[in-house]
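Note sheet for the following structure.
The values are calculated or read from the model by the stated rules, or taken from the named source; none is laboratory data. From a predicted model like this one, the values you see are computed outputs, not experimental measurements. Heads up, the Cβs are rebuilt from the backbone with ideal geometry, glycines too, and the neighbour counts pull from every protein chain shown. When the accessible area is computed, the model is the full protein with side chains, heavy atoms only, and any ligands, DNA or RNA have been set aside. Shrake-Rupley method; radii C 1.70, N 1.55, O 1.52, S 1.80 Å.
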Amino acid sequence: MTIEIAPGALLPVALAFGLLVGSFLNVVIHRVPLGQSVVFPPSHCPGCDQQIKPWDNVPILSYLVLRGRCRSCATSISLRYPAIELLCGLLFTAVAGRFGASAWTLLYCLCGAALIAAAMIDFDHQIIPDSISLGGLAVALVLVPSVAAYAGGTGDEGMFGTLWLASFKQSAIGALVGGGSLWAVAFVHARISVAMGRTFEHWPGEGEALPKPSEADYWLWFPGLGLGDVKLLAMIGAVVGPLGVLDTILVSSIVGLVLGGTQALARGALGRPFGFAPAIAVGAVAMLFLPPLWMLNGF
């Protein structure tokens, strides 16, 4: 399934669209963890509460023109805002360059935007909102089979249904493999930690008893890993499939070691919790551009 677009216009359009989406992601990243609406009230300065005018809200350009300050009160604006806009714009451009003017490009851009939001929220708050992970999973289980069926269909309704169902099975298996494999690692780690008598600052918590098999926390609450990571990998598995999500986990683990070690050195302390979603996001995006790892092993 291809999308009609003028030759040579795809990458500039993808960049512009990505910058706009990145601007919206800044709102999502700030407001969703606080339980606030991403629609109302309109964007405003945190210093003077003045509503930001449309001409002062142009991605990157407005930041440069205003020299990183609010027009009304001159409050400094974090460099992270244009950085996220640029990151999203470059990601959309790279995806468009890789997959062309197709529905796959729209799908992967949507997934990439969700990953950026999840990564930044987890970095800030060590949480991944269900609206992103589970909401993304639900959307992926519908959109991925639909795009696959349209891309491989011949106009035959029966063929479309067959392709949709086959792709849905792959997405569902990918979600189970992605979420299930990480859950299994966390569960086994929790049981080994209990057997060794290990305790953690946040698990089970001061004065709290370890959860029992009859309690939900026994199955869903683990030291060193949030259930949000499990849900996010389930969403990714629904997009990239079972083999793709296994590759994602491998790359994410390596990236997580680097990011975790860097944060530990920066903080001057080991063992402090940090968000794993940034590493997961890097691993998932890498799978869109790198050959499958199983192919590199000659299988």
* **Near pairs, Cβ below 7 angstrom, 6+ apart or cross-chain, from region 31-44 (under 15 Å from Ile128 (Cβ atoms) and assigned to a helix (DSSP H, G or I)) to any residue that is open to solvent by 70 Å² or more (accessible area, probe 1.4 Å) and polar (S, T, N, Q)** => Val32/Ser131
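Output yes when any residue across region 200-209 is over 30 Å from Gly112 (Cβ atoms), aliphatic (A, V, I, L, M) and open to solvent by 40 Å² or more (accessible area, probe 1.4 Å), and no when none is.
Going residue by residue through region 200-209, those that are over 30 Å from Gly112 (Cβ atoms) are 200-209.
From the residues that got through so far, the ones that are aliphatic (A, V, I, L, M) too are 209.
Among the residues that remain, those that are also open to solvent by 40 Å² or more (accessible area, probe 1.4 Å) are: 209.
Yes, because at least one residue in region 200-209 is over 30 Å from Gly112 (Cβ atoms), aliphatic (A, V, I, L, M) and open to solvent by 40 Å² or more (accessible area, probe 1.4 Å).
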* Structure fact -> Over region 169-216, the set of residues under 29 Å from Ile236 (Cβ atoms) and of a type in the set (Asp, Glu) is Glu201, Glu215
* Would you mind telling me which numbered condition in (1) β-branched (Val, Ile, Thr); (2) part of a helix (DSSP H, G or I); (3) surrounded by fewer than 23 Cβ atoms within 10 Å (Cβ to Cβ) Ile132 fails? => (3)
* Asked: Pick from region 68-99 the residues that are modelled with pLDDT under 90 and among the aliphatic types (A, V, I, L, M): which of them is farthest from His44 (Cα to Cα)?
  -> Ala74
* Asked: So how many residues does region 115-127 have that are within 13 Å of Val230 (Cα to Cα) and open to solvent by 20 Å² or more (accessible area, probe 1.4 Å)?
  -> 1
* To do: Report the residue count in region 85-98 for those that are closer than 18 Å to Ala286 by Cα and open to solvent by less than 60 Å² (accessible area, probe 1.4 Å).
  => 9
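I'd like to verify a number: residues in region 183-205 that are over 26 Å from the mean Cα position of the chain (by Cα) and of a type outside the set (D, E, K, R), how many? Full working, then the answer.
Narrowing region 183-205 to residues over 26 Å from the mean Cα position of the chain (by Cα): 191-201, 204-205.
Still in the list and also of a type outside the set (D, E, K, R): 192-197, 199-200, 204-205.
Going through region 183-205 one residue at a time, the tally reaches 10.
From the list Leu20, Leu25, Leu87, Leu107, exactly one residue is farther than 26 Å from His125 by Cβ and either assigned to a helix (DSSP H, G or I) or out of contact with any helix residue (DSSP H, G or I) (no Cβ under 7 Å at 6 or more places or on another chain) (or both). Which is it? Full working, then the answer.
Working: Leu20 fails: farther than 26 Å from His125 by Cβ; Leu25 fails: farther than 26 Å from His125 by Cβ; Leu87 fails: farther than 26 Å from His125 by Cβ.
Only one candidate passes the filter, namely Leu107.
How many of the residues making up region 6-22 are exposed (fewer than 14 other Cβ atoms within 10 Å of the Cβ) and modelled with pLDDT of 70 or more?
Here is the first cut: in region 6-22, the residues exposed (fewer than 14 other Cβ atoms within 10 Å of the Cβ) are 6-9, 11-12.
Retained after the next criterion (residues that are modelled with pLDDT of 70 or more): 8-9, 11-12.
Adding up the residues that qualify gives 4.
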* For Arg71, which of the numbered conditions (1) open to solvent by 60 Å² or more (accessible area, probe 1.4 Å); (2) under 27 Å from Phe274 (Cβ atoms); (3) of a type outside the set (A, V, I, L, M, F, W, C) fails to hold? -> (2)
* To do: List every residue pair whose Cβ atoms lie under 8 Å apart, where the two residues are 6 or more positions apart in sequence or sit on different chains, the first residue falls within region 180-199 and is among the β-branched types (Val, Ile, Thr), and the second residue, located anywhere, is assigned to a loop (DSSP other than H, G, I, E, B).
  => Val194/Leu210
* For region 217-257, name all the residues that are among the small types (Gly, Ala, Ser) and open to solvent by 20 Å² or more (accessible area, probe 1.4 Å). => Gly224, Gly226, Ser253
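If I filter region 45-67 down to residues being part of a loop (DSSP other than H, G, I, E, B) and hydrophobic (A, V, I, L, M, F, W, C), which single residue comes out as modelled with the lowest pLDDT? Working first, answer last.
Here is the first cut: in region 45-67, the ones part of a loop (DSSP other than H, G, I, E, B) are 45-50, 52-53, 57-60, 66-67.
Those still in the list that are hydrophobic (A, V, I, L, M, F, W, C) too: 45, 48, 52, 58, 60, 66.
On the way: Cys45: 76, Cys48: 80, Ile52: 83, Val58: 90, Ile60: 94, Leu66: 87.
It comes out as Cys45.
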* Asked: Of all residues in region 165-181, which are of a type in the set (S, T, N, Q) and either within 21 Å of the chain's Cα centre (by Cα) or within 10 Å of Val240 (Cα to Cα) (or both)?
  -> Gln170, Ser171, Ser181
* Regarding Phe160, is this residue assigned to a helix (DSSP H, G or I), under 27 Å from Leu25 (Cα atoms), open to solvent by 20 Å² or more (accessible area, probe 1.4 Å) and modelled with pLDDT under 95? -> no
